[in-house]
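See structure below.
No value in this document is a laboratory result; all are computed from the given coordinates. This one's a predicted model, so the numbers in the text were calculated from it and none came from an experiment. In this analysis, Cβ positions are derived from the backbone assuming ideal geometry, glycine residues included, and neighbour counts consider all displayed protein chains.
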Amino acid sequence: MQYRVGLGHDRHRLEAGRAFLLGGVEIPHTLGLAGHSDADVLLHALIDALLGACCLGDIGELFPDTDPRFKGIDSTKLLAEAYRQVTERGWRVENVDCTVFAQQPKLSPYKQQIAGHLRGLLDLADDCVNVKAKTGERVGPIGREEAVDCSVVVLLSRDVS
Ligand code: MG
């Protein structure tokens with residue numbers, strides 16, 4: 001068996017008038033995440049973790065934010081394409097571990113729902129996806145509610161013939 005680990009990190013600014021999407025789940029909040037796509041910070045970090053594990057570059061190379069095709073795009077579509085590229089090379093996802101950094105809203109009511117949605121997107125078992133939430137301790141861009149960050153680690157495996 002061959003294993004590869006991948007790390008992804010992303011940040012999006014908080015703005016009024018935008019949806020707040022995390023892992024494909026819309027979270028009710030007065031502010032949303034700004035960006036060229038739907039700005040789903042968790043899915044973007046997950047995509048970078050998957051691409052990183054396979055030495056496939058990063059999300060900006062695959063889906064440039066200057067490309068009008070990706071304006072407002074549902075990031076689950078970007079994940080599906082990145083995941084296709086990973087699986088076509090014979091890789092399986094062993095597990096996904098995510099940490100979201102947001103001062104507000106409180107994410108504890110949504111962590112299980114987000115993990116479940118990610119399991120569905122990647123066709124994974126119950127104990128393979130974990131979602132954690134941290135605040136910014138009221139300091140820095142996270143703590144001042146200017147931005148939301150997310151870090152994701154994935155482990156991939158494939159059989160060696
Ligand atoms: Mg992003």
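With both labels modelled 7 Å from their Cα along Cα-to-Cβ, the LYS132 to HIS36 distance reads 3.1 nm. Close amide H pairs (under 5 Å, H built 1.01 Å from N) link PHE101 with LYS134, ASP149, CYS150, SER151, residues at least 5 positions away or on another chain.
Legend: P(r) of the stretch 38-147 from all alpha carbon pair distances, 10 Å bins from 0, whole percents, reading 13, 41, 35, 11, 0.
Among ASP10, ASP65, ASP159, what is the fewest-to-most ranking by other Cβ atoms within 10 Å? Present the calculation step by step, with values, prior to reporting the outcome.
Numbers: ASP10 23, ASP65 11, ASP159 8.
Ranked by crowding around the Cβ, least crowded first: ASP159, ASP65, ASP10.
For ASN95, the residues whose amide H sits under 5 Å from its own are LEU155, ignoring neighbours fewer than 5 places away on the same chain, with H placed 1.01 Å from N.
In this model, which of LYS71/LYS106; LYS77/LYS106; LYS111/LYS134 are farther than 19 Å apart at the alpha-carbon? As for pairs spanning more than 19 Å Cα to Cα, those are LYS71/LYS106; LYS77/LYS106.
Given the rule -39500 (n - 2.57) for each run of at least 4 DSSP H residues, summed and divided by the residues of the chain, what is its mean residue ellipticity at 222 nm, to the nearest 500 deg cm²/dmol?
When only DSSP H runs of four or more count, the value is -8000 deg cm²/dmol.
Multiply the residue separation of HIS9 and VAL139 by 0.36 nm, subtract the distance between their alpha-carbon atoms, and state the gained length in nm to one decimal. Mind showing how you got there, number by number?
Details: separation 130, 0.36 × 130 = 46.80 nm, distance 1.93 nm.
44.9 nm is the gain from fully extending HIS9 to VAL139.
Cα convex hull, the stretch 25-85: 76 Å³ per residue, rounded to a whole number.
How big is the charge dipole of the stretch 48-113 about its Cα centre, in debye rounded to the nearest 20, if each Lys and Arg gets +1 on its Cβ and each Asp and Glu gets -1 on its Cβ?
Here the size comes out at about 280 debye.
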